[in-house]
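**Student:** Take this structure, written in structure tokens, and hold onto it; I'll ask about it next.
The values are calculated or read from the model by the stated rules, or taken from the named source; none is laboratory data. Model, not experiment: these values are computed from the prediction. All Cβ positions, even for glycine, are placed from backbone atoms using ideal geometry, and neighbour counts span all protein chains on display. Just so you know, the surface numbers come from the protein's heavy atoms only, side chains and all, with ligands and any DNA or RNA stripped out. Shrake-Rupley method; radii C 1.70, N 1.55, O 1.52, S 1.80 Å.
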Amino acid sequence: MKIVVMCWLARASVDVFVARNMVLRPELAAKAPQHVASELAALAPDVVIARESQFELVAAVAAGLATDLPACRFVFCGLASSRAAIDTSALAARCAFATGSTWERAEYEAFVLAESLCRPRPGLPVGASANAPGEVMLVGAGVVNLVTALALCRRGHRVLVFDRMADPRGHGEQHPGRAGATFGGRDARIFSYNESRHHLACSPLYTPQDLPRFRLGIAQDGWLSRRYGSLSETDRRWIGQLEQVPPWAALLYGNDIVGFNRQSHRLWREIFSLYPELLRETHHVGRLLRIYPSDASLRAGRTAEAEIGALLGEVPLARLREREPALGDAIDSGAIAGALEVQGFSLNIVSFCRNLIALLERLGARFHWQQEVSEVRYADSGAVTGIVVDGKLRRADHYVLSPGAQARTLATKTDGLAAIGAMVGMWVTLPNDGAALNTPLKVRRRAFASSEAAQGANVVPGRDAAGRPVLHCSSGHGFVGVSADDVRLADLPELARCVMETAEELFADKFRRARQAGMLGERPGFCVRPWTPSGLGVLEVQESDTGGKLVLSGGHNTGGFAQSPAVAEAVACALETRPHAMHTLYHPRRFADVFEVTL
């Protein structure tokens, strides 16, 4: 994408938006239309941004570009308070308008609109009829693919699921060998509107190049769980891509992610209503609290939660103590300054997924455990011809890949898998007897590493494998490289400090008893999660040689569970040749194509 800006920008906008493919040429506005058309033809922009007051000039210029740049679009920005009626017939569908209460806001909206005009579009055939239900091979039995399998079964597809781990229901194992994040971490998940949010979406003035967080360790307020010098060239290229995400785009991506979470909330309620057996023995809690260590963080949280429609109300400390006596000591010590009640819920994820597997089997799905999927095969035309499972080619009408952080173990010709890296997160489990915590918590942390990779922590009440009441606590993100296997090289004790400090600060007595009982072990548990440098999830669609589809879904940046129902809808729509917003917003080349980044 190339954008040419034909107007003067506010000083703050220049700092934020002007980059190598954003060309600032405000002096063009003073030149004759023929001269402007000649210069624009040489620059070959995809979008031209101008002020509303320049509409007549730009319309005259566009007339001279009809042959040289037939696909160029024009975005006009202006103040909402002075919006004038404009006859747009000269540019018709080639123009769009963005307004704001200030010039900075209007210019931001103009760049957001320009980005939307330059995104790659999904390759679904125009006017194609919907595919009939067929046989679908799903690779990966994490929660995202299990919820997708349910959506496909409900639509009449014949579902086969392949996974390299053993059946997670076998022999009472809580963590089956070779498990991914769903079964490899602790038995707990939270749904909230900003799960998997863009973790680097701070302020438009934040500059990743000036604050190289992915080149610094956790103790230096960075995101690395390894020394930067020990990373491979592929790992460093991944970090380089992340550092090219403009802050304004990160904010835009974050809003898109939250939008899919909001869709998923409605879909989760539908799933629980249709299949209440899924919640059996999952210790589902249909409410959520956010707690904050300072008045300033509480105010910021109240604003942020209200903006995304998640805020239900503020909980005064006296009321919080009454509702949750387990937090009394933390309130008295000053660790908690305030709390908000927000949209959300929690459950034991392993128990939920075991229930879901049983339901899928009743609906006709077939599971193939301890099956290694190594390769996607292609014809010379580029169409998918099948998937190699334990050395043998398997064919179906459709294929759905959701390999989690193990993306690099699968040989494919996809853009999406190449973008997925590995992030480690830590867990501890405490006893939840005595004054028990009854409501899941999203915690805004303070102290060690709380400004970046471990800003927050989750606390989820549930039961352990023996049926005892426990609290599962998680915190921290540490990039280990593009391969999940690189977690063996990570500095896990440093990252573990984040969750250990928070667990001890909030639940000192429970933490002490956990240590005495040996529940903490030598180090906390961990799981490895799939991340992308853009911060967006991945939804990639390819054609098969039988007229079906291969769909890749993944890279959900710690929020796969939260977004599962929306992902499932997007996958089902792809198989049925129907459009879905995720096909565009999670297109694997959205970031790379718009910002001219090499994957």
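**Student:** Which of the strands (runs of 3 or more DSSP E) contained wholly in region 280-361 include at least 1 residues that are basic (Lys, Arg) and closer than 21 Å to PRO461 by Cα?
**Tutor:** 288-292
**Student:** Then there's this: Which of the following residues is out of contact with any Leu (no Cβ under 6 Å at 6 or more places or on another chain), within 30 Å of ALA490 (Cβ to Cβ) and open to solvent by less than 20 Å² (accessible area, probe 1.4 Å): LEU231, LEU298?
**Tutor:** LEU231
**Student:** So, in region 441-472, of the ones that are assigned to a loop (DSSP other than H, G, I, E, B) and charged (D, E, K, R), which residue ends up most open to solvent (accessible area, probe 1.4 Å)?
**Tutor:** If we take residues in region 441-472 being assigned to a loop (DSSP other than H, G, I, E, B) and charged (D, E, K, R), then ARG468 is most open to solvent (accessible area, probe 1.4 Å).
**Student:** A further question on this structure: Count, please, the residues in region 179-199 that happen to be in contact (Cβ under 8 Å) with a residue 40 or more places away in the chain, part of a loop (DSSP other than H, G, I, E, B) and over 16 Å from GLY254 (Cα atoms).
**Tutor:** 5
**Student:** In the list ARG213, ARG266, which residue meets the criterion of being within 28 Å of VAL499 (Cβ to Cβ) and open to solvent by 40 Å² or more (accessible area, probe 1.4 Å)?
**Tutor:** ARG213
**Student:** Run MET426 past the list (1) modelled with pLDDT under 95; (2) open to solvent by 10 Å² or more (accessible area, probe 1.4 Å) and report the number of the one that doesn't hold.
**Tutor:** (2)
**Student:** Those residues that are at pLDDT 90 or above, hydrophobic (A, V, I, L, M, F, W, C) and outside any loop (DSSP other than H, G, I, E, B), I need them from region 229-248; list them, please.
**Tutor:** Within region 229-248, TRP238, ILE239, LEU242 qualify.
**Student:** The conditions are (1) surrounded by fewer than 19 Cβ atoms within 10 Å (Cβ to Cβ); (2) in contact with a Ser or Thr (Cβ under 6 Å, 6 or more places away or on another chain), and ASN145 fails exactly one of them. Which is it?
**Tutor:** The number of the failed condition is (1).
**Student:** I need the strands (runs of 3 or more DSSP E) fully contained in region 497-599, keeping only those with at least 1 residues that are open to solvent by less than 40 Å² (accessible area, probe 1.4 Å) and of a type in the set (Ser, Thr, Tyr).
**Tutor:** 549-554
**Student:** Moving on. Got a number for residues in region 376-403 being open to solvent by 20 Å² or more (accessible area, probe 1.4 Å) and either β-branched (Val, Ile, Thr) or assigned to a helix (DSSP H, G or I) (or both)?
**Tutor:** Qualifying residue count for the region: 1.
**Student:** Only one of ASN438, ASN432 is modelled with pLDDT of 95 or more and open to solvent by 20 Å² or more (accessible area, probe 1.4 Å); which?
**Tutor:** Answer to the check: ASN438.
**Student:** Identify, please: which residue in region 67-88 is surrounded by 10 or more Cβ atoms within 10 Å (Cβ to Cβ) and of a type in the set (Val, Ile, Thr) and is, among those, farthest from MET1 (Cα to Cα)?
**Tutor:** It comes out as ILE86.
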